[in-house]
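The values are calculated or read from the model by the stated rules, or taken from the named source; none is laboratory data. Given the structure is predicted, the values throughout are model-derived calculations rather than measurements. Every residue, glycine among them, receives a Cβ derived from its backbone with ideal geometry; neighbour counts consider all protein chains shown. Protein only, heavy atoms only, side chains kept; ligands, DNA and RNA dropped before computing areas. Shrake-Rupley method; radii C 1.70, N 1.55, O 1.52, S 1.80 Å.
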Amino acid sequence: MAGALLLSGALVALFGSTLPAQDTTSIQDPPPDKIVIEVATVNGSGCPLGTAAVAVSEDNTAFTVTYSDYLAKAGGGADPTAFRRNCQLSLIVHVPSGFTYAIASADYRGYASLQPGAKGTEKASYYFQGSPQTASISHEFKGVYNDNWQATDTTDWAQLVWAPCGVKRNFNINTELRVDLGTSDPAKSSFMTMDSTDGDISTIYHMAWKECPRA
């Protein structure tokens, strides 16, 4: 398993409503019961049917999204629409009774081959169902580039925003890969991927847990 983008301070407004300080306990270990994450919908050119999967870690501290066909490319006779690929995941998170969660971190990895003058961009945005706010973070990689790439951001623990207690809201993740030819030779191919030749590249989202206030 690989992958993941840690959520930066710019994303904290995305995740529901902050629970009042007087109604919550401190951040604690994950609940003993397993969480269950279901994929409600998967849409996008970067995740055709059957090419994205979600798994939850044994200790309930992370979940992983695995892609097997996520590739953006431009130049070298590529399809003109292939320069951008995206994937929108809507996840149903079943949390053990009495707990809530926040997404503390994520880290995305992949591989890029960019010609001189070309540019690759990875972008991700996150929001809870019903939230009017969506924020995003993007990372650029400039050619010449021919190596694995990784993009990482973090959120300060004190700034985490929690999913509302007692309310089921889908967690939505929208990712995007984009390749721009720029000043590169259009006869030569540039590409950026969230998969690999010897296995899938995964995106891992690390979760923080908090006990909900007693009724």
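Name the single residue that is modelled with the lowest pLDDT among those in segment 105-123 being open to solvent by 10 Å² or more (accessible area, probe 1.4 Å) and assigned to a strand (DSSP E or B).
Ser105
Output the number of the condition that Val36 fails; it satisfies all remaining conditions of (1) modelled with pLDDT of 80 or more; (2) open to solvent by 50 Å² or more (accessible area, probe 1.4 Å).
Against the list (1) modelled with pLDDT of 80 or more; (2) open to solvent by 50 Å² or more (accessible area, probe 1.4 Å), Val36 comes up short only on (1).
Residues Ser45, Ser90: which one is touching a residue at least 24 places away in the same chain (Cβ under 8 Å) and assigned to a loop (DSSP other than H, G, I, E, B)?
After applying the criteria, what remains is Ser45.
Go through Ala163, Ala158 for me and flag whichever is at pLDDT below 85 and either of a type in the set (Asp, Glu) or open to solvent by 30 Å² or more (accessible area, probe 1.4 Å) (or both).
Ala158
Say we look at segment 136-149 and pick out the residues that are surrounded by 17 or more Cβ atoms within 10 Å (Cβ to Cβ) and part of a strand (DSSP E or B); which of these is modelled with the lowest pLDDT?
Ile137
So, of the residues in segment 166-178 that are aliphatic (A, V, I, L, M) and buried (at least 19 other Cβ atoms within 10 Å of the Cβ), which turns out to be modelled with the lowest pLDDT?
Ile173
Quickly run through segment 59-87 and pick out the residues that are open to solvent by 10 Å² or more (accessible area, probe 1.4 Å), assigned to a loop (DSSP other than H, G, I, E, B) and modelled with pLDDT of 80 or more.
Across segment 59-87, the qualifying residues are Ser68, Asp69, Gly75, Gly76, Gly77, Ala78, Asp79.
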